[in-house]
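Below is one structure, written out as structure tokens; the observations come after it.
The values are calculated or read from the model by the stated rules, or taken from the named source; none is laboratory data. Since this is a predicted model, take the numbers as computed values, not measurements. All Cβ positions, even for glycine, are placed from backbone atoms using ideal geometry, and neighbour counts span all protein chains on display.
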Amino acid sequence: MLTIAHLSDIHLGQVHARDGGKRARRRAEQVMAYLDALPGPLDAVFVTGDLADHGLPEEYREVAEVLSSRHPVLTCPGNHDRRSPYREVLLGEAPGEEPVNRLHRLPGADVLMLDSSVPGRDDGLLDEPTLDWLDTQLAEGRGELPALVAFHHPPVELYVPFVDPIRQFGGARLERVLRRHPRVAALFCGHSHTPVATAFAGLPLLIAPGVVSTVTLPCEGGRGISFDHPPMLAFHVLDGERRLATHYRALPVRD
């Protein structure tokens, strides 16, 4: 049994009219404090992109502080992130503009965190080298264990006008890769700033709510994004039969 916490879109460095940028950090710290105070362990915490709001080195230094945890924290970049400072500050690597793709071997699963960002753009794409890498890692990994695949941009429409034009495109090859590897149990992403459960390539696609803000549906009215909704996260529980159950939590608003 695996238990994973999943959050996304913390946007550290985002300037908010009410407090000049402190709000984003307070919300992210609130979520991480909640996780660190849990009486039981987590196998991992997924943070699926938009860690920084402007991709600045000082924002990533803040990210490193805020995401420090007693639980393993696994991240991937989003469209607000910048690869070179992400690599240099968060990963301790030489700066570079190649996609930031990582394999993490948990005791009960292989986790593949992919970079769906496209430098200079808000929409997403898993490029050919990333998909080749994914295909190889799934083929050469621990075949007896499930694989969990995460990235920032959802590869399907969510029927949210604010999000759909900047979703992940070019998903046909991703689908072909995933269907070649039946050990993939589920997909995880962010970007939408609203919790969504849907499917892609015959697999569960679980989209984390936003921590810094919430995108609303047309039926809810308003301007499409709310700073009044609470910070949220998800818990994913994967059992030995590779059946996944997702639970959402909203924390008290303290803005």
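Keeping to segment 146-165, report how many residues are surrounded by fewer than 17 Cβ atoms within 10 Å (Cβ to Cβ) and out of contact with any helix residue (DSSP H, G or I) (no Cβ under 6 Å at 6 or more places or on another chain). Steps first, answer last, please.
Initially, segment 146-165 is screened for residues surrounded by fewer than 17 Cβ atoms within 10 Å (Cβ to Cβ), giving 157, 159, 161, 164-165.
Then drop every residue that is not out of contact with any helix residue (DSSP H, G or I) (no Cβ under 6 Å at 6 or more places or on another chain), which leaves 159, 161, 164-165.
Number satisfying all stated conditions: 4.
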Considering residues of segment 225-254 that are of a type in the set (Gly, Ala, Ser) and in a strand (DSSP E or B) only, the residue nearest to Phe188 (Cα to Cα): Ala234
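Suppose the filter is surrounded by fewer than 20 Cβ atoms within 10 Å (Cβ to Cβ), over 16 Å from the mean Cα position of the chain (by Cα) and under 22 Å from Val156 (Cα atoms); does Gly240 pass it? First the steps, then the outcome.
Working: surrounded by fewer than 20 Cβ atoms within 10 Å (Cβ to Cβ): yes; over 16 Å from the mean Cα position of the chain (by Cα): yes; under 22 Å from Val156 (Cα atoms): no.
When the stated conditions are applied, Gly240 does not pass them.
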Among the residues of segment 6-38, what is the count of those that are at pLDDT below 90, among the hydrophobic types (A, V, I, L, M, F, W, C) and farther than 16 Å from Glu62 by Cβ? 1
Kindly indicate whether Leu125 is within 18 Å of Ala139 (Cα to Cα) and touching a strand residue (DSSP E or B) at 6+ places or on another chain (Cβ under 7 Å). no
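What about Arg180, is it touching a residue at least 24 places away in the same chain (Cβ under 8 Å), of a type in the set (D, E, K, R) and surrounded by 16 or more Cβ atoms within 10 Å (Cβ to Cβ)? Give the derivation first.
Details: touching a residue at least 24 places away in the same chain (Cβ under 8 Å): yes; of a type in the set (D, E, K, R): yes; surrounded by 16 or more Cβ atoms within 10 Å (Cβ to Cβ): no.
So Arg180 does not fit the description; no.
Could you list, in sequence order, all residues of segment 178-196 that are outside any loop (DSSP other than H, G, I, E, B) and either basic (Lys, Arg) or within 20 Å of Ile225 (Cα to Cα) (or both)? Quick ask: steps written out before the conclusion?
Of the residues in segment 178-196, the ones outside any loop (DSSP other than H, G, I, E, B) are 178-179, 184-189, 196.
Matches in segment 178-196: Arg179, Cys189, Val196.
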How many residues does segment 32-71 contain that are among the basic types (Lys, Arg) and in contact with an Asp or Glu (Cβ under 8 Å, 6 or more places away or on another chain)? 1
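With the condition kept exactly as written, say whether any residue in segment 3-15 is under 17 Å from the mean Cα position of the chain (by Cα), under 24 Å from Arg105 (Cβ atoms) and surrounded by fewer than 23 Cβ atoms within 10 Å (Cβ to Cβ). Steps first, answer last, please.
Taking segment 3-15 as the starting set, the residues that turn out to be under 17 Å from the mean Cα position of the chain (by Cα) are 3-12.
Those left that are additionally under 24 Å from Arg105 (Cβ atoms): 3-8.
Checking which are surrounded by fewer than 23 Cβ atoms within 10 Å (Cβ to Cβ) leaves us with 3.
Yes, the conditions are met somewhere in segment 3-15.
Filter segment 197-224 for residues that are assigned to a loop (DSSP other than H, G, I, E, B) and not small (Gly, Ala, Ser) and give the result.
First pass over segment 197-224, keeping only residues assigned to a loop (DSSP other than H, G, I, E, B): 201-202, 208-209, 211-213, 216-217, 221-224.
Once the filter is applied, which keeps residues that are assigned to a loop (DSSP other than H, G, I, E, B) and not small (Gly, Ala, Ser), segment 197-224 yields Pro209, Val211, Val212, Thr216, Leu217, Arg223.
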Tell me which residues, restricted to segment 129-177, are free of Cβ contacts under 8 Å to residues at least 24 places away in the same chain, in a helix (DSSP H, G or I) and not small (Gly, Ala, Ser). Asp132, Thr136, Glu140, Asp164, Arg176
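Rundown of residues vs (1) modelled with pLDDT under 95; (2) under 21 Å from Phe188 (Cα atoms); (3) buried (at least 22 other Cβ atoms within 10 Å of the Cβ), yes/no style:
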site: Glu65; (1), (2), (3): no, no, no
site: Pro72; (1), (2), (3): no, yes, no
site: Pro77; (1), (2), (3): no, yes, yes
site: Arg83; (1), (2), (3): no, yes, no
site: Leu103; (1), (2), (3): no, yes, no
site: Pro107; (1), (2), (3): yes, yes, no
site: Val111; (1), (2), (3): no, yes, yes
site: Ser116; (1), (2), (3): no, yes, yes
Looking only at segment 192-231, which residues are over 19 Å from Arg25 (Cβ atoms), of a type in the set (A, V, I, L, M) and modelled with pLDDT of 95 or more? Val196, Ala197, Ala199, Ala201, Leu203, Leu205, Leu206, Ile207, Val215
